[in-house]
Structure formats: C-alpha cells, structure tokens
Amino acid sequence: MPSRVTDGLSGGLHLFWGSTALMQEKGDEALLVDAETRELRAVLQGALSDRVSWQIQIPYRYTGGGNLDSFIDSWHDIFNLPEGARRLLPRDQTNILYARSGMTQLDVRSSSSAVGDIQAALGYSIHRSESSAVMTWFSVELPTGDEDKFTGNDATDVSLLLAGQHRLNNRWFVFGQAAVTHIGDSDLLPMKQDDVVWSAMAGVSVQAWRGLSLKAQLDAHTAVYDSKLDFFSEAVVLTVGGDYRFASGWRLDLGVSEDLAIEHSPDVVFVFSLQRSL
C-alpha cells in the first residue's frame, strides 16, 4: 500500500505471473502442486482530502498449465538455484492434489479463471514530511471470487496495515509495511484455518540513472493453515527489480520473486506493472 496520499486520481495494471512445482509429504498429509498462475490486477486510487485516500483493486486470476517451465529450468541452472520437484514433473501441465489420512481431498487437473476477490481500502496519513511518510490502511476483501477456481476463499477478509517510507539521501530510500489480517472461514481444504495472519515487508530503492530506480524487498507472512506441510506454513520471499518513470508520467515496474524458504510459496513470480496519474 502507498505511504503517501496520491494527488488526484491514479490507476495501474499489475500482472503477477508465477509457477509452482512441488511434492510434499509429512505425517498423514500429501501435496502435489504443478501449475502456473497469472493474476492481472487493476488498481484505482484517489484522495478524499489531504490526509485520506481510497483504493480499489479488481483481480482476474488464472490457474492451470502454462509455458514457463522450460524457462524456469534454465533460470535455476544459470543461478544454481534449487530445483525441488520440478525435474520430476511433466512440463506445462496442471496437477493439484491434496490427500489426508489416505483420502483425496482436492484433485484438480484442468485450468480455470475468473474474477478474484475485490479489495476496497481507506488510508489515513499519520505522518508526512519531505523525507518520510507513514499511512495506516483499513481494507476489506470481498468474496467476489470463486473458491473452486482458486480465485477467492468465499469469505470476507479484513486487514489493518501500516505503511512507511523514508528518504536516506538524494538517491536511497527505504520502505516497508506491517499488517494483520482476519481471514474468513474457507471450505477449500479440510484443515483448521488460522483466523489471524500477520505479514510484513521491507525494502530498499536506489535511483540508478535519471528515471530508473532499482529495488529489492523481502516479504513474509505467518501460516494460514494448521498443517505440517511446508507449503501451508510461513513464507519468506525475495523480490528484485526496478521501475522507470517516463517523462509522460507513466511508470513501468519489472521484478522477479524467489521463495527464500524453499517450497513455502510459488517457485518464482514475475511482476509487470504499468501505472500513472489520471
């Protein structure tokens, strides 16, 4: 979430393109995930006053087969990253299977797509100066998605978030946020779900050349489900990339995320974003 109130109206399109390939088994649980996800998120934001801002996010999500597997295999080879189960699974297929106590609870072998859970948020600026800013946000995620198509949890989620940024000098910035989310009950998986999830993000940005900035950030969150499997436990993700601000007012963001806690989250997610003031 932004740390400053946006002047006027701004909008953007954000694409998150990820791939997951894993096989896990612990105790009486077994999980296989071999799928690609693509989420296109439209974001609109404006100001109600010099301290109050609003934001709406509308996602459209696809889960299924894709064409990233060959590229990701090469990416892991170049940077000597762990492959996990990826080498053992067929390329560009859809296979999501979860079993508990010998009973299959989830078996998905086809692609699906639909509008996801729409999020509406209000933010209030609690501190602002030339070098720093802090905002608190209250957001509600509405059950507009489809649980069976992996685009929502058929429940209302409520979050309280604190976002901040600070300019260290003319080139370097630090930024971060912390949030607590109350998650509504979901029937997708037959296991106990935590009502509250904590999350945090911290990052650094440097202005490298004219309108070009380079960024790195860490994201982490606590577990959502009471499970022994790593994929359902806490996650830590590193994202590196940058943005370029054009003279016309457009801003292009590019990035790639890797799961630092191996097989606790998707193997890799590519991030593309285009936004500007309207």
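The values are calculated or read from the model by the stated rules, or taken from the named source; none is laboratory data. Here the structure is a predicted model, which is why all the values come from computation and not from measurement. As a convention, Cβ positions derive from the backbone with ideal geometry for all residues, glycine included, and neighbour counts pool all protein chains shown.
When the residues of the stretch 180-211 are narrowed to those that are under 30 Å from Arg276 (Cβ atoms) and free of Cβ contacts under 8 Å to residues at least 24 places away in the same chain, which ends up surrounded by the most Cβ atoms within 10 Å (Cβ to Cβ)?
Step by step, filter the stretch 180-211, then rank; the result is Ser199.
Here the stretch 221-264 is the region considered, the condition is being among the polar types (S, T, N, Q) and in a strand (DSSP E or B), and the residue that is farthest from Ser205 (Cα to Cα) is Ser257. Considering the stretch 212-259, the residues that are surrounded by fewer than 17 Cβ atoms within 10 Å (Cβ to Cβ) and basic (Lys, Arg) include one that is farthest from Leu161 (Cα to Cα), namely Lys228. Of the set (1) aromatic (Phe, Trp, Tyr); (2) in a helix (DSSP H, G or I); (3) modelled with pLDDT of 90 or more, all apply to Trp54 but (2).
Is it true that some residue in the stretch 207-220 is part of a loop (DSSP other than H, G, I, E, B), touching a strand residue (DSSP E or B) at 6+ places or on another chain (Cβ under 8 Å) and at pLDDT 95 or above? Scanning the stretch 207-220, I find no residue that is part of a loop (DSSP other than H, G, I, E, B), touching a strand residue (DSSP E or B) at 6+ places or on another chain (Cβ under 8 Å) and at pLDDT 95 or above, so the answer is no.
Go through Val180, Val197, Val240 for me and flag whichever is at pLDDT 90 or above and closer than 23 Å to Arg38 by Cβ.
Result: Val240 is the single residue among Val180, Val197, Val240 that is at pLDDT 90 or above and closer than 23 Å to Arg38 by Cβ.
Looking at Gly255, Gly242, Gly249, just one residue is within 28 Å of Asn80 (Cα to Cα), in contact with a Lys or Arg (Cβ under 6 Å, 6 or more places away or on another chain) and not basic (Lys, Arg), and that residue is Gly242. Determine whether the stretch 45-66 contains at least one residue that is over 18 Å from the mean Cα position of the chain (by Cα) and closer than 21 Å to Ser265 by Cβ. Yes, the stretch 45-66 contains at least one residue that is over 18 Å from the mean Cα position of the chain (by Cα) and closer than 21 Å to Ser265 by Cβ.
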